[in-house]
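Beneath this line is the structure, given in structure tokens, with notes to follow.
The values are calculated or read from the model by the stated rules, or taken from the named source; none is laboratory data. No experiment lies behind these values; they were computed from the predicted model shown. Neighbour counts run over all protein chains shown; Cβ positions are idealised from the backbone, glycine included.
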């Protein structure tokens with residue numbers, strides 16, 4: 001049924017329909033509304049789950065690790081500092097091959113303290129082994145959470161999945177969302193059953209030590225699984241389309257890419273702005289296009305090369321930065337495109353929107369102007385020069 | 001690619017960690033023991049066993065030679081001796 005919903009409310013509603021047995025979270029802006037809603041649903045007995053109140057995000061992540069280790073579908077959500085406090089456990093959840101689903105309401109990282117949106121939080125744990133999705137809209141956020149459980153719990157995968165939704169822009173933004181019914185979700189997402197769990201009747205140790213004779217193989221297997229996930233994500237997206245009639249998820253999505261000469265690459269809500277800017281640039285006779293990254297880990301290199309390998313210039317829009325290097329997405333894109341050798345499109349990296357600075361169509365036009373100039377690894381767009389004067 | 005990240009319960013006994021012991025080991029003198037079991041309770045490896053008086057001993061295949069048993073024994077009936085000495 002189509003409803004006018006706040007992003008957080010929509011995520012809570014779809015998580016309810018995914019029927020997790022264990023939920024644990026610690027409130028942090030801008031994630032709070034999601035877990036407030038879920039706590040209410042559990043208290044009102046609308047959702048039969050244990051909601052475990054904890055004293056920190058480290059504990060929240062540990063609780064869902066434990067829930068999932070006993071074979072129970074589990075859920076948590078966080079943002080920013082919360083994700084960083086979870087970091088140790090985030091790596092463990094992936095290393096132990098536990099298909100937790102977490103929503104990250106993306107927010108910048110301190111200092112200076114700032115509660116607004118960028119992608120620095122997720123960028124900081126991108127190497128943990130989680131499958132990483134980015135949602136552009138509240139509808140996509142809803143759809144990706146259903147697919148997240150399907151993919152993570154697939155016996156071929158057994159990895160945690162993080163659905164990234166831009167803080168405030170989605171979490172506190174109202175949009176029309178086609179919310180599936182419980183029956184529809186049950187049909188798409190069957191109950192989670194696994195033999196990989198802690199069980200008092202069949203005692204075993206989870207979380208053993210792996211010395212140098214074993215460790216590298218465990219890491220290799222996670223990496224190989226990520227490569228398999230590149231095939232499984234489109235498979236699940238196709239199944240989703242069959243079940244719900246709309247295209248949602250997948251590895252990447254393109255907009256006006258067929259003959260595009262200048263391609264913008266982004267993830268999350270910025271893609272909506274870019275889409276509008278592309279239309280405006282096209283009206284101006286410029287052959288612009290958009291490549292939207294839905295799946296950031298595993299990084300869909302082959303799909304990207306097929307989509308934009310023939311572009312002349314590529315502008316990678318990063319909402320996070322590896323300080324002293326470049327934007328993380330730019331680094332991934334460059335590595336992928338460099339495999340084309342001499343045919344590599346001129347690829348430039350731009351940093352926009354840190355700490356919630358608005359990314360407007362004007363910002364995208366400015367990026368477009370710089371794109372046709374000299375190649376650049378890391379150019380900030382929209383800096384206020386008057387704030388940069390040193391004291 | 002997925003394998004259960006688990007091991008059988010109790011499988012750590014397969015690793016004979018007593019070889020980590022470098023200098024000293026406990027010698028249970030079995031003279032003044034009152035079977036208070038303090039040595040067994042304090043042992044961080046849980047490898048001291050015995051029933052009645054003067055029956056307590058440890059499994060040297062896992063003992064690290066920490067000396068807690070000798071330190072807590074109220075009758076001074078456990079002595080730490082050189083690794084080179086015979087028991």
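Summed over the range A:373-385, the residues that are closer than 11 Å to residue A:315 by Cα and exposed (fewer than 14 other Cβ atoms within 10 Å of the Cβ) give a count of 1. Quick check: anything in the range B:9-25 part of a strand (DSSP E or B), under 11 Å from residue B:65 (Cβ atoms) and within 16 Å of the chain's Cα centre (by Cα)? Yes, there is a match, as at least one residue in the range B:9-25 is part of a strand (DSSP E or B), under 11 Å from residue B:65 (Cβ atoms) and within 16 Å of the chain's Cα centre (by Cα). The sole residue among B:64, B:31, B:53 that is exposed (fewer than 13 other Cβ atoms within 10 Å of the Cβ) and assigned to a loop (DSSP other than H, G, I, E, B) is B:31.
Residue B:1 meets the conditions (1) in a loop (DSSP other than H, G, I, E, B); (2) more than 14 Å from chain A (Cβ to nearest Cβ) in every case but one. The failed one is (2). Please pick out the residue among A:100, A:122, A:63 that is buried (at least 24 other Cβ atoms within 10 Å of the Cβ) and under 30 Å from residue A:200 (Cβ atoms). Matching residue, one of A:100, A:122, A:63: A:100.
Residues in the range A:344-351: is at least one surrounded by fewer than 24 Cβ atoms within 10 Å (Cβ to Cβ) and free of Cβ contacts under 8 Å to residues at least 12 places away in the same chain? Yes, that holds for at least one residue. Among the residues making up the range A:212-233, those that are more than 10 Å from every other protein chain (Cβ to nearest Cβ) and out of contact with any strand residue (DSSP E or B) (no Cβ under 9 Å at 6 or more places or on another chain) are A:212, A:213, A:214, A:215, A:216, A:219, A:231, A:232. Kindly establish whether residue A:57 is buried (at least 24 other Cβ atoms within 10 Å of the Cβ) and at pLDDT 95 or above. Yes.
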